[in-house]
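Here the structure comes first, spelled out in structure tokens, and everything after it is commentary.
Quick note: the coordinates plus some simple rules give every number you see, no bench work behind them. All values derive from a computational prediction rather than experimental measurement. Every residue, glycine among them, receives a Cβ derived from its backbone with ideal geometry; neighbour counts consider all protein chains shown.
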Amino acid sequence: MRRPAPPPRKTRQHGIALMVMLAVLIMGIAAALIGSLGSTALKNERQKKTSEALAQAKDALIGYAITYGDTHSGYVHGYLPCPDPNGTGYGANDEGSSETCGSKDISAMGRLPWKTLGLPALLDGSGECLWYAVSGTYKNNPMTDKMMNQDTPGLFEILDSSGATVAQNVVAVVFAPAPPLGAQNRAPDGTAPVCGGNYTPSNYLDNDGTINNAAVSGAADAVSQFRLGDSALLNDRMIYITREDIFNARNIRAKLDSLTRKAAECIADYGSRNRFNFWPYPINSSDKRLPWSGRLRNPANDYWTDGNYDDEDNRLAGRLPYRVNTSQDDTNNHINFPYYQLQLHSTAPYAPINCPSVPEWTAYQPWWTNWKDQLFYAVGESFSPAGDTSNCAQCLRINGSGAYAAVVIFAGSRLSGQSRTTASERLNFNNYLEGRNLTNISISSGTDYQSDETTDSFNDILYCIDPNLNVAPCP
């Protein structure tokens with residue numbers, strides 16, 4: 001039997017070559033896969049570093065805002081630092097420090113003031129220091145003349161890549177620049193020895209032709225827009241701070257509760273100092289009449305000024321009164337001219353303070369000045385300047401029971417359907433109070449007020465003044 005002839009030599013060589021090519025292909029695919037995995041891991045690591053830096057900056061800025069009144073005597077919480085615009089601060093080579101930024105109510109942009117915030121220089125995943133924009137209504141230097149409270153508008157709006165609004169009333173934005181795009185020039189100019197580069201925003205933050213992340217409006221109270229996204233024209237990452245991020249802080253809510261109590265104690269103090277008649281007759285300890293409530297004025301003249309929250313209209317219910325000159329005429333109270341019950345009088349020894357039984361009011365008075373549009377007051381007719389406090393025949397009730405001389409109400413944060421943006425909205429009690437509190441304050445004659453658990457439809461806080469002028473949370 002003959003053996004089969006071996007395959008031709010050329011055929012065997014082709015088979016070996018095919019196997020080699022297959023091996024090379026597999027190795028190439030493996031190398032590409034490994035490279036891709038390595039590139040993805042590197043990208044993920046950079047994104048993680050960027051996210052961590054942005055989050056750390058946001059936490060530090062919120063911490064600064066919610067303790068501002070603790071670290072700056074005579075002020076309230078809520079203010080944010082100005083950016084670092086040029087690395088000089090208040091002296092040479094003071095990189096990372098906040099300084100004065102522009103005029104009142106005009107927003108500002110610069111690098112994150114990491115030194116002022118007690119942070120190291122925070123870097124994004126591409127090794128760049130963070131940038132920062134602050135709303136003109138929230139910056140601390142120079143401060144706005146407007147009230148600083150949970151309704152103070154933020155001047156930034158955040159858009160997504162399609163132009164849809166993501167967030168409004170944003171008070172601050174922190175940016176991670178990412179690698180340079182186009183003609184951005186980040187060459188060092190000697191002004192930033194720690195962060196490197198320069199202080200020109202357009203060399204770091206992007207402009208897609210419609211929205212410019214590198215600029216804020218130069219007009220007072222003007223809204224500036226910033227865009228999220230990732231494209232050939234824009235690769236900025238950002239994180240933003242809203243009003244709620246600041247004013248929902250637990251320590252601020254506790255401070256506002258205490259403010260309501262202290263304001264009620266100041267009103268009760270008025271009732272402890274009525275006279276039989278003009279001086280030198282003594283205080284009449286049985287006459288515990290309290291002041292009329294505050295009135296409403298033309299919005300253009302009323303909203304910001306403390307002294308315009310006066311009692312001229314002889315209302316039984318309204319906003320908490322600051323100036324009680326009409327009540328003083330009716331009760332011959334010991335209050336001193338110009339009859340600002342909620343202000344400490346500073347001309348001692350010629351006149352005592354106007355709220356002497358509440359020495360803590362010194363610390364709370366700035367809070368009243370900034371939150372006064374959210375404090376309301378109602379007095380029972382028996383304890384009004386025209387009443388007779390010998391009995392409680394016409395006193396107030398809470399949830400249908402009890403007998404109270406007066407009640408002080410703090411309107412909580414805006415609920416669904418409430419808006420406090422314009423002057424006319426701030427003069428509309430519907431945007432502040434709920435339930436029977438709204439009904440009674442609006443007509444200035446109701447007697448049964450509402451105290452309840454905080455829900456999505458009710459969040460008023462009430463403190464009651466009893467016929468002996470003691471103050472306690474309403475039941």
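A few notes on this one:
- Mean separation of Cα contacts under 8 Å, 6 or more apart, over the residue count of the stretch 250-473: relative contact order %: 22
- Charge dipole magnitude, Cβ of K and R +1, D and E -1 - the stretch 47-248, Cα centre, debye nearest 20: 140
- Taking θ as phi - 60° and the Karplus parameters 6.51, -1.76 and 1.60, the scalar couplings of the stretch 415-431 work out to 9, 4, x, 9, 9, 10, 8, 8, 4, 5, 5, 6, 8, 9, 4, 4, 8 Hz in sequence order, x denoting glycine and proline.
- Values of log10 I(q)/I(0) for the stretch 250-473 across q = 0.08, 0.09, 0.10, 0.14 Å⁻¹ run -0.25, -0.32, -0.40, -0.81, by the Debye formula with one identical scatterer at each alpha carbon and no solvent.
- With the charge dipole of the chain set up from +1 on Lys and Arg Cβ and -1 on Asp and Glu Cβ about the Cα centre, the Cα lying farthest toward the positive end among the listed residues Ser285, Ala393, Asn185 is that of Asn185.
- Tilt relative to the chain, helix 250-271 - C-alpha long axis, 0 to 90 degrees, to 10: 10
- Within the chain, longest stretch clear of exposed chymotrypsin sites (Phe, Trp or Tyr not before Pro) (DSSP loop, no more than 15 other Cβ within 10 Å): 91-275
- Dipole of the chain, positive direction: furthest Cα of Leu112, Gly136, Leu256, with charges on the beta-carbon: Leu112
- Order of Met143, Met238, Met148 under a 10 Å beta carbon neighbour criterion, fewest first: Met143, Met238, Met148
- Entries of Lys255/Lys288; Lys146/Lys262; Lys139/Lys262; Lys43/Lys139; Lys48/Lys115 with Cα pairs more than 25 Å apart: Lys255/Lys288; Lys139/Lys262; Lys43/Lys139
- Note on the chain: Cα-Cα pairs beyond 44 Å make up 34% of the total pair count.
- Rounded to the nearest 20, the Cβ-based charge dipole of the chain about its Cα centre (Lys and Arg +1, Asp and Glu -1) stands at 2460 debye.
- Gain in span if fully extended, Asn399 to Thr100, counting 0.36 nm per residue against the direct Cα distance: 102.6 nm
- Relative contact order, percent, the chain [alpha-carbon distance under 8 Å, six or more residues apart]: 11
- Expected 222 nm ellipticity per residue - DSSP helices of 4 or more, -39500 (n - 2.57), all of the chain, to 500: -8500 deg cm²/dmol
- Against the main long axis of the alpha-carbon atoms of the chain, helix 9-65 sits at an angle near 20°.
- Cβ-based charge dipole, the stretch 250-473, positive-most Cα from Tyr340, Tyr364, Gln374: Tyr364
- For the stretch 75-88, 3J(HN,Hα) computed residue by residue from phi via the Karplus equation (6.51, -1.76, 1.60; θ = phi - 60°) reads 10, 9, 6, x, 7, 10, x, 5, x, 8, x, 7, x, 9 Hz, glycine and proline entered as x.
- Angle in degrees between helix 361-371 and the longest Cα principal axis of the chain, rounded to the nearest 10: 70
- Longest site-free stretch - the chain; sites: GluC sites (Glu not before Pro), DSSP loop, at most 15 other Cβ within 10 Å: 1-359
- In plain terms, the residue of Ser103, Ser382 with the fewest other Cβ atoms within 10 Å comes first and the most crowded comes last, giving Ser103, Ser382.
- Partners for Lys49 among aspartates and glutamates (Cα-Cα distance below 19 Å; same-chain residues under 8 apart left out): Asp59, Asp124, Glu128, Asp230, Asp236
- Cβ crowding within 10 Å ranks Cys266, Cys392 as Cys392, Cys266, fewest other Cβ atoms first.
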